[in-house]
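Working notes, structure below.
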Amino acid sequence: VPMDVEETVRQPRTHFQRDQALYDALTRALQDGVDLGVSVAVQQFEAIGFGMDWTLVNTQARAWAQTYAGELIRNVESTTIDSVRQSVGRWIGNGEPLQALIDDLTPTFGAQRAELIASTEITRAFAEANRIAYLESGVVEEIEWRTARDERVCPVCGPRHGQRTTTNGNFGGLYPPAHPRCRCWVVAVIEEQR
C-alpha cells in the first residue's frame, strides 16, 4: 500500500465524511417516511376508484426528502452527528418501530428531545409525501386539516380542524407538523363529478 493511502486510512474521518454519513442516514429515514406517505395517499385514491402511478410521485417525494435532509444536517451540532447517524442508520437498517429510534436518541438528547426529534421529522416527511401525491394526482384541488379532536389538541391546531386550502397551499402559514409533537395531518378533498 502506498504510504499516502495508508496514512489516509489511519486518519480519523473528516467533518465532511461524518456529515455525509449523517446526511445519508437522515435521507434514508426521511425517505422511509415519504414512502409511507405516498403509499397512504395511493391507498386513499384506490379506495375511491382512482388509480395512480405512484412511481413518479415517490420519486418527487424522495427528492424532497433528500433536500430536507440537507437542511436538517446544517442544524445538528457536530458533537452529536455521530450519535444521530448511528441511531438513524440502525433504525433504518433494522426496520424497527419509531420507539426504537427514540430510545437510541435518548442518551444523546434526553428522552423528551429524542421523542420530539424522531416523531416530528418523520411526521413532516409523511405530510410532505401526501402533499406531493395529492398534487400529482391531478384530481385533488383542496386539502383539509385534521386533528385528533381530543383533549391533547393544542390551541394552534384546534381551530384549524376542518379548514381547507388549495393542495399547494398552507393554513395561515402552517402545515403539519405545525409544531414539535404535532399530531395533525391533511386529507385530500375530492369532490365527486356529477
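Determine if the stretch 137-146 includes at least one residue that is at negative phi, open to solvent by less than 60 Å² (accessible area, probe 1.4 Å) and in a loop (DSSP other than H, G, I, E, B). Yes, the stretch 137-146 has at least one match. Based on this model, can you work out whether THR108 counts as in contact (Cβ under 8 Å) with a residue 40 or more places away in the chain and β-branched (Val, Ile, Thr)? No; evaluated as a whole, the condition is false for this residue.
If you take the residues in the stretch 147-185 that are open to solvent by less than 80 Å² (accessible area, probe 1.4 Å) and in a helix (DSSP H, G or I), which one is nearest to ILE102 (Cα to Cα)? Result: GLY158. Among the residues of the stretch 76-91, those identified as exposed (fewer than 15 other Cβ atoms within 10 Å of the Cβ), among the charged types (D, E, K, R) and modelled with pLDDT under 70 are GLU77, ASP82. Just one of the numbered conditions (1) modelled with pLDDT of 70 or more; (2) surrounded by 11 or more Cβ atoms within 10 Å (Cβ to Cβ) is not true of ASN94: (2). The set of residues in the stretch 101-126 that are in contact with a helix residue (DSSP H, G or I) (Cβ under 7 Å, 6 or more places away or on another chain) and within 25 Å of GLU46 (Cβ to Cβ) comprises ILE122, ALA125, PHE126.
Within the stretch 111-125, being closer than 12 Å to TRP185 by Cβ and either among the β-branched types (Val, Ile, Thr) or without any contact (Cβ under 8 Å) to a residue 40 or more places away in the chain (or both) holds for one residue alone: THR123. If you check GLU136, GLU144, GLU128, which single one turns out to be among the acidic types (Asp, Glu), in contact (Cβ under 8 Å) with a residue 12 or more places away in the chain and within 17 Å of TYR68 (Cα to Cα)? Sole residue among the options that is among the acidic types (Asp, Glu), in contact (Cβ under 8 Å) with a residue 12 or more places away in the chain and within 17 Å of TYR68 (Cα to Cα): GLU128.
The values are calculated or read from the model by the stated rules, or taken from the named source; none is laboratory data. Worth saying up front: this structure is predicted, and the values here are computed from it rather than measured. In this analysis, Cβ positions are derived from the backbone assuming ideal geometry, glycine residues included, and neighbour counts consider all displayed protein chains. In case anyone asks, the SASA skips ligands and DNA or RNA and just uses the protein heavy atoms, side chains included. Shrake-Rupley method; radii C 1.70, N 1.55, O 1.52, S 1.80 Å.
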